[in-house]
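J.: The structure follows.
The values are calculated or read from the model by the stated rules, or taken from the named source; none is laboratory data. Quick caveat, the model's predicted, so the values are computed rather than measured. No Cβ is skipped: glycine too gets one built from the backbone with ideal geometry, and neighbour counts run over all protein chains shown.
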Amino acid sequence: MAAKGKSGASVGRKVIVVLVALLVVGFAAMMSIQAVSQRDAMIDLMYRESVKKTEMLSTAVQAGFIAMDANSVEKEFRKLTDRSDTELATLQTNMPDGTSIAEFQAEDMKAYDLKALIEPYLPKLENKEVVSFVANGAVIVAAPITKYSKRKDEDVFRGMLLTAWSLDNVSASVMQAVIMQLALAAGILIVLLGATWYVLRSQILLPLRKINGVMTELANGNQQIEIPGLKRRDEIGEMAGSVQVFKENAARVSQLDRERERERQLSEQQRHDAMQDLAGRFERTVMGVVDGVSGASTEMQQVAQSMVAAVHQNESGSQAVVSAMDQANSSVETVASAAEELAMSIQEISARVNDTSNITERAATEANRANEMVQGLDVSAQKVGEVVQIIQAIAEQTNLLALNATIEAARAGDAGKGFAVVANEVKNLANQTARATEDISAQISGIQGSTQDAVGAIDGIARIINDLNAISAEVAAAVRQQGSATSEISHSVQQAVSSTQQVTAHIKEMQDAAGQTGLAARQVLDASEKLGSQSGTLRNEVSNFLQDVRES
């Protein structure tokens, strides 16, 4: 009787509380780990894609940026920002001093102060390194914009492309997945708790309460009460057996007392009543067990049917996911093929540019050679002019000597007349020589002027060819960079193809596991139906047996 005064939670409630706590903590830990893993994987994937896209975009806007053409730069990045599914929040193309050439800000996304975020990393950018990190809910990427310098024989830092890629869509996707998983986990948890509570209540708590009530009645002197659970082969059955021994001992003592008093009063009616009482007790005990088995089989059928329905739903969802992954795999393979064709086209363009560069180098060599030849001709003309000047000086000296000879012949009178005639002839020849040398000098001066004009023209042609050669070299370098970027794109797409194929394989494995689970659920359903049928057969057999006992 003292036990009635005690208070506190029952064993069943304690077990349920502990079980619920363990299941909730386990599911919460599993969902947290899975959510963090999914978010990290999606952020890592977007991080790598953002870096690749920024590098490709910096290559695309390089020409327009170097030319300070904002329209050309904006035309390149509009191909990306005009897409409805873009995560690009903020974009800037800045000079080394921070002056912006062109910029973009998405209206429905947060604005980022890229200049302030990138400022600590300017030394790396000036060293032509790509800077990337995650800050303020976005992937921040800065790619240098360079131009090849022939004088330094290297790429020179000319500016930077700054981008901020929002992670809001990633967080929303992860949250949606977590909510769906939480809903599914809550449903499974409710089913498990319901099944556990049903088994615990029907197989442990109710039998314990019945045995407790029987022991109380026996302590109060009621020796006619039935002992439940005697047929069970577990701890409950052992407890019922112990109570049965206690009851039998008490009944035996009472029976001995009654036999001493009424030994002679025993009759067939007592025997008949005892048989009826035994049959009634047997009926109540066995029929209770049969009812419990029948109820348990019905509950098992309902649980098994729920499992089969859940497995069918899981199979349908898995098939839809497999179909979507196959479509994604096909799209990625198409992109890979396009990237390979683009790489081949760039290789062909590179070969054409290299041929053009070789031709311009040969033209520059020939122009330099022609320049040297014309300069040699100019030197020769100068030497001829020097010789003509010498001849002209000789003619002037000869003319002077002829004049002196004429004067001397005049002084000699008749004796010098013949010498005077010769002196006049020499003077005439000297004058003709002087005029001829003047004409030659004029012609040589014209040749020298033409030669100098030719030298200047050839120098101009050589400079133009050298400029063309430098431009060809820059174009070749840009084509090589584009080829390298295209190769990286092709490699990344191939990795994406491999990843989608692996995901498809894993999902198909999940489909197989779901099929096996469905098969097991159907087997449980069949077993529960057989158990219900057998419990009905047992009920009929017990009824027939009791009828025979009562009629005997």
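J.: Is there a residue being within 30 Å of residue 46 (Cα to Cα) and not assigned by TED's automatic domain parsing to the domain that holds residue 135 anywhere in segment 185-194? Quick ask: steps written out before the conclusion?
T.: We begin by selecting, within segment 185-194, every residue within 30 Å of residue 46 (Cα to Cα); these are 185.
Still in the running and not assigned by TED's automatic domain parsing to the domain that holds residue 135: 185.
The answer is yes; a qualifying residue exists.
This table checks each residue for (1) of a type in the set (A, V, I, L, M); (2) surrounded by fewer than 12 Cβ atoms within 10 Å (Cβ to Cβ); (3) at pLDDT below 75; (4) not in a strand (DSSP E or B).
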residue	(1), (2), (3), (4)
15	yes, no, yes, yes
37	no, yes, yes, yes
43	yes, no, no, yes
56	yes, no, no, yes
71	no, yes, no, yes
74	no, no, no, yes
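J.: Condition first: assigned to a helix (DSSP H, G or I), in the same structural domain as residue 79 (by TED's automatic domain parsing) and within 19 Å of residue 59 (Cα to Cα). Can you find one or more residues in segment 125-134 that meet it?
T.: yes
J.: Still on this structure: Is segment 76-84 home to any residue that is touching a strand residue (DSSP E or B) at 6+ places or on another chain (Cβ under 9 Å), assigned to a strand (DSSP E or B) and more than 30 Å from residue 175 (Cβ to Cβ)?
T.: No, that holds for no residue.
J.: Further question on the same structure: Mind listing just one residue for me: the one in segment 133-176 that is of a type in the set (Ser, Thr, Tyr) and out of contact with any Ser or Thr (no Cβ under 7 Å at 6 or more places or on another chain) and, of those, farthest from residue 44 (Cα to Cα)?
T.: Among those residues, the one meeting the criterion is 149.
J.: Let me ask something additional. Kindly establish whether residue 263 is without any contact (Cβ under 8 Å) to a residue 24 or more places away in the chain and within 26 Å of residue 549 (Cα to Cα).
T.: yes
J.: Being under 18 Å from residue 158 (Cβ atoms) and either modelled with pLDDT under 85 or in a strand (DSSP E or B) (or both) is the filter here; which residues of segment 100-115 pass it?
T.: Those that are under 18 Å from residue 158 (Cβ atoms) and either modelled with pLDDT under 85 or in a strand (DSSP E or B) (or both): 100, 101, 102, 103.
J.: Further question: Looking at 141, 170, 134, can you tell me which residue is over 25 Å from residue 466 (Cα atoms) and either over 15 Å from the mean Cα position of the chain (by Cα) or among the acidic types (Asp, Glu) (or both)?
T.: None of the others qualify; the one that does is 141.
J.: If residue 85 passes every condition in (1) under 23 Å from the mean Cα position of the chain (by Cα); (2) surrounded by 15 or more Cβ atoms within 10 Å (Cβ to Cβ) but one, which one does it miss?
T.: Failed condition: (2).
J.: Here's a follow-up. I need every pair where a residue in segment 209-231 that is surrounded by 13 or more Cβ atoms within 10 Å (Cβ to Cβ) has its Cβ under 9 Å from the Cβ of a residue that is of a type in the set (S, T, N, Q) and in a helix (DSSP H, G or I), sequence separation at least 6 or different chains.
T.: 223/254; 226/285; 227/244; 227/285; 228/285; 229/285; 230/244; 230/285
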